[in-house]
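The values are calculated or read from the model by the stated rules, or taken from the named source; none is laboratory data. Fair warning: this is a prediction, and the values are worked out from it, not measured in the lab. Cβ atoms come from the backbone with ideal geometry, glycine included; neighbour counts cover every protein chain shown. Heavy atoms of the whole protein, side chains included, go into the accessibility calculation; ligands, DNA and RNA do not. Shrake-Rupley method; radii C 1.70, N 1.55, O 1.52, S 1.80 Å.
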Amino acid sequence: MGKLTKNLSLLHAALGNYHYTLVAISKTKPNSAILEAYNAGQRHFGENKVQELTDKYDALPKDIHWHMVGHLQRNKVKFVVPFVHLIHSVDSLRLLREINKEAAKINRVVDCLLQVHIAEEDTKFGFDEKELDDLLAGDAPRELPFVRIRGLMGMATFTEDEQQIRREFSGLKKLFDRLSKQYRGKNIAWKELSMGMSGDYQLALECGSTMIRVGSAIFGERNYA
Ligand SMILES: *Cc1c(COP(=O)(O)O)cnc(C)c1O
């Protein structure tokens, strides 16, 4: 068994009691590594750059579900809309409108998560709570029939402090629960809470995550040349 296949099966074995979707974050990794995970049964993969995502989509098996997890520029939306399974990183109404516009052209409904800013660092993208309420209470959910809001995504602060990470994840779960009671509609479906990466996915699942985005714990450390 290859190292990568072993990483995957250990990860699943340790999480036997949870229901979750594992999105294998394959950014910077070659197609051969993705194929090894694919051959081990992995079908959800995530990337953070549009060019890399579309290149990999073109080259790899068509039953892979591709997730966009990185900041998405509006002028690149058209490249991912035809095939993307879920966009985790919707961080503005303008972006949501652009996705709707491009999706309408090809008559495809695109599933999206709203990214929430939960970390201390202000380098991370995302809505704050008030902005989310404004967006969801406004006309956008009804006016944009080619996007479907499927939940929230968040990234915890990069820290060793487990209590802080737990606070941030629990806060996001609480927000998710409130929004899902408060805002309903034809193209709103509160199904996914995307939180947890290599360092904190166990904690995230304890706090109510439904979707974990794990890169280095599967593929090994990344080298950014
Ligand atoms: C890179 C990345 C991940 C995975 O990070 P690891 O620490 O390698 O598991 C998850 N989510 C997003 C948005 C990322 O950019």
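A compact table of results
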quantity	calculated
Per residue Cα convex hull volume in Å³ - calculated over the range 154-200	65
FRET efficiency, R108 to D63 (Cβ-Cβ, R0 22 Å, nearest 0.05)	0.80
Mean accessible surface per residue for the chain, computed with a 1.4 Å probe while every protein chain stays in place, in Å²	50
DSSP-defined beta bridges in the chain - what % are antiparallel, rounded to 5	5
Spatial extent of the range 70-203: Rg and Dmax, with the Cα atoms as the point set, Å	14.8, 46
Tail weight of P(r) past 29 Å, computed on alpha-carbon pairs of the chain, percent	24
Gyration tensor verdict on the range 17-58 (Cα atoms; rounded if a/c is under 1.5, prolate if a/b is larger than b/c, oblate otherwise)	oblate
A119 long-range amide H proximity, modeled H, under 5 Å	M155
Accessible-area composition of the range 1-151, carbon plus sulfur, in percent [1.4 Å probe]	50
Cross-link partners of K6 among aspartates and glutamates (Cα-Cα below 14 Å; sequence separation of 8 or more within a chain)	E36
Å³ per residue enclosed by the Cα convex hull of the range 127-170	84
Span per principal axis, largest first, for the Cα atoms of the range 10-141 (Å)	44, 36, 26
Within a Gaussian network of the chain (alpha carbon springs, distance under 10 Å), most fluctuating of G70, G16, G196	G16
Cross-link reach list, lysines versus K186, counting only Cα pairs under 25 Å and skipping chain neighbours closer than eight places	K78, K101, K105, K130, K173, K174
